[in-house]
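To start, the structure under review is shown below, and the notes come after it.
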Amino acid sequence: MGHLNLPASKRNPRQWKLLDLVTATFFGLVFLFFLLVFTPLGDSLAASGRQTLLRSTSDPRQRHRLVALIEAGQNAQPIEACPADEVDHMPCEDPRRNSQLSREMNFYRERHCPPVEDTHLCLIPPPDGYKISVQWPQSLHKIWHANMPHDKIADRKGHQGWMKKEGEHFIFPGGGTMFPEGAVQYIEKLGQYIPIKGGVLRTALDMGCGVASWGGYLLKEGILTLSFAPRDSHKAQIQFALERGVPAFVAMLGTRRLPYPAFSFDLVHCSRCLIPFTAYNASYFIEVNRLLRPGGYLVISGPPVQWAKQDKEWADLQAVARALCYELIAVDGNTVIWKKPAGDLCLLNQNEYGLELCDESDDPSDAWYFKLKKCVSRTSAVKGDCTIGTIPKWPDRLTKAPSRAVHMKNGLDLFDADTRRWLRRVAYYKNNLNVKLGTPAIRNVMDMNAFFGSFAAALMPDPVWVMNVVPARKPSTLGVIYDRGLIGVYHDWCEPFSTYPRSYDLIHVAGIESLLKLPGSSKNRCNLVDLMVEMDRILRPEGTVIIRDSPEVIDKVARVALAVRWLVSIHEKEPESSGREKILVATKTFWKLP
């Protein structure tokens, strides 16, 4: 059969398509070349590509280069946003990582921080629909549902009065598992046996706190409660507590001491906290004893106190208390109240747990990544008397130098000077720097480098509470802070803090660069960029940062602040202060994911 006589356009279609493709590609490349070389878009794309490359965590050297660019002010764009599924991310309490660790003594639920080089340098976004938090004191009773849309507590505990969803809000009736009728009635019951009123008790620790209603309602009695519970990926108890404006902290009583000094809490409370106090040779009861001030009170409600099918556990709990010579104040239903003796514990010669006093070389206030000890801390190991009945009542104890301070070198002079200094500085912040201290806009406050807690003491007239952080590598002054009737924790700022994102309205730090350095050295252990990204993580949108340091450091902080999307102003120090300090005030912008 002969060939068909086709038009030229119909011949060899494969050859014509290949020629068209080559021609189009050539002209496309020419056009792209002129676009990149001769238009601003080229510069933008190049900068974006460089930033994307540098943000990659696959190579620690690239991460280091990005940090250096940011500190030098040479990055073209702000640090990128983290993925939307990280809105509640806590780097050191990440269930995805920690679930691979040992279950023994709940080790996997304690702090376990990833190496810095394995972390993605990004800014935690707010959840979709996030709103500026309800202000105190209304926040004690209701918060925005959109700010933490986790319904499981409301679904499972609503009948016990924990919380429930109503429209756009979560509502908190004030109940708990052991006090479904409300915290107020429960506190009134406790007040029949312990001095809730009158300033005898000031600092309390609530273990396994739920949504912290007990601590929230104790505030009106002048008792400042630090509530803690472990990270709960389904219930987010501590996240709810902080959103309500109640002091709270993510922690787990597992293999290590809790990050608080010895003999600091006037009252320790457990309401169905389910801590096995007598397990592991009574290690957890011994840890509670380390934290409880001589003459202080221990309250346990719920199992195993007169609980069905837990007769042995209840008997064991009483045996440990007797071995430590705790005075039984009352057993009221499923609630037991003990009083810790003043002075060194008697430790009966024969006790079934074999409990012994710690060696005199033991410092019971060592509590940063410090393994639990099976010995009982000596009260005499702390210099100065910290016994209830000896320390002043609240509020007098706020301004009187505690004996733990007096026993430090030049302690009394340091304490008095520090107190006066921060009264002046806080007044300057309010009157000259337009910081919203003293207004309902600020409730949750953190002092990252607290020393004696005088910044917090100067804020006492304001409707705030302050988390006083004493850096783990600095002198251990946290006991002084507790003796003053304030609260706080130990922490190393080269690691992320144990709290949820968007926890604090104001973060304050004096001497930020000192948090990065080895003591007595000019060498940094970590970098300013990671620290400020962490500060941004725990700061609420539209929250405030106040940083005091030398002019050179403040300039560096200002450069990094632009990369974390803060609005910055720099001020001279108050006229009465000596030294070369400047003050940076920054506001976290309220940005959202596209």
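Per DSSP helix of 4 or more residues, -39500 (n - 2.57); summed, then divided by the residues of the chain. What does that give at 222 nm, rounded to the nearest 500?
On the way: 17 runs with 176 residues, N = 594.
Calculated at 222 nm, the ellipticity per residue is -9000 deg cm²/dmol.
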The alpha-carbon center of region 146-182 and that of region 62-85 are separated, in whole Å, by 40
Cross-link reach from LYS393 to aspartates and glutamates, straight Cα distance under 12 Å and at least 8 residues apart if same chain, gives ASP266, ASP483
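I want the local charge near VAL184. Using Cβ-Cβ distances under 13 Å, sum +1 for each Lys or Arg and -1 for each Asp or Glu among the other residues. Numbers along the way, then the final one.
Details: positive: LYS189, LYS220; negative: GLU181, GLU188, GLU221.
Once all neighbours under 13 Å are counted, the net charge is -1.
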Expressed in nanometres to one decimal, the distance between label points 7 Å along Cα→Cβ at GLU360 and LEU516 is 4.4
The alpha-carbon pair-distance distribution computed for region 521-592, with 5 angstrom bins and whole-percent values, is 3, 15, 26, 23, 16, 11, 4, 1, 0
Cα-Cα longer than 26 Å, checked against LYS165/LYS588; LYS312/LYS339; LYS409/LYS474; LYS131/LYS436; LYS340/LYS371; LYS197/LYS309, kept in input order, equals LYS165/LYS588; LYS197/LYS309
Of the candidate values (i) 28.5; (ii) 31.5; (iii) 38.5, the one computed for mean projected area of the Cα convex hull in nm² from this structure is (iii)
Here the cysteines of the chain lacking a cysteine partner under 4.7 Å (Cβ to Cβ) are CYS209, CYS386
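Roughly to the nearest percent, how much of the accessible area of region 467-594 is carbon and sulfur, given a 1.4 Å probe?
Details: 2200 of 4180 Å².
About 53 percent, which is the carbon plus sulfur part of the accessible surface.
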Note on the chain, DSSP bridge orientation, antiparallel percent to nearest 5 equals 45
Karplus ³J(HN,Hα) for region 522-535 (6.51 cos²θ - 1.76 cosθ + 1.60, θ = phi - 60°; Hz, whole; x = Gly/Pro) runs 8, 7, 7, 8, 8, 10, 5, 5, 4, 5, 6, 5, 5, 4
The base-10 log of I(q)/I(0) that the Debye equation returns for region 322-397 at q = 0.27 Å⁻¹, one scatterer per C-alpha, is -1.23
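Of all accessible surface on region 220-362 at a 1.4 Å probe, what whole percent is carbon and sulfur? List each step's numbers first, then the result.
Numbers: 2160 of 4760 Å².
Carbon and sulfur atoms account for 45 percent of the accessible area of region 220-362.
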Farthest towards the positive end of the dipole of region 441-528, among ALA472, LEU506, LEU486 and with Cβ unit charges of +1 on Lys and Arg and -1 on Asp and Glu, lies the Cα of ALA472
In Å², rounded to a whole number, the accessible area per residue of the chain with probe 1.4 Å is 44
Ranked output for segments 217-229, 188-200 by mean other Cβ atoms within 10 Å, highest leading, reads 217-229, 188-200
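Would you mind classifying region 291-426 by shape? Square roots of the alpha carbon gyration tensor eigenvalues, ordered a ≥ b ≥ c; an a/c under 1.5 is rounded, otherwise it is prolate if a/b is larger than b/c and oblate if not. All intermediate terms of the calculation are to be shown ahead of the outcome.
Values: a/c = 2.64, a/b = 1.81, b/c = 1.46.
The shape class here is prolate.
The values are calculated or read from the model by the stated rules, or taken from the named source; none is laboratory data. Bear in mind that the values here come from a model prediction, so they are computed numbers and not experimental data. Counting neighbours? That spans all protein chains shown, and the Cβs are built from the backbone with ideal geometry, glycine included. For the accessible areas, the whole protein counts, side chains as well, though only heavy atoms, and no ligand, DNA or RNA atoms are used. Shrake-Rupley method; radii C 1.70, N 1.55, O 1.52, S 1.80 Å.
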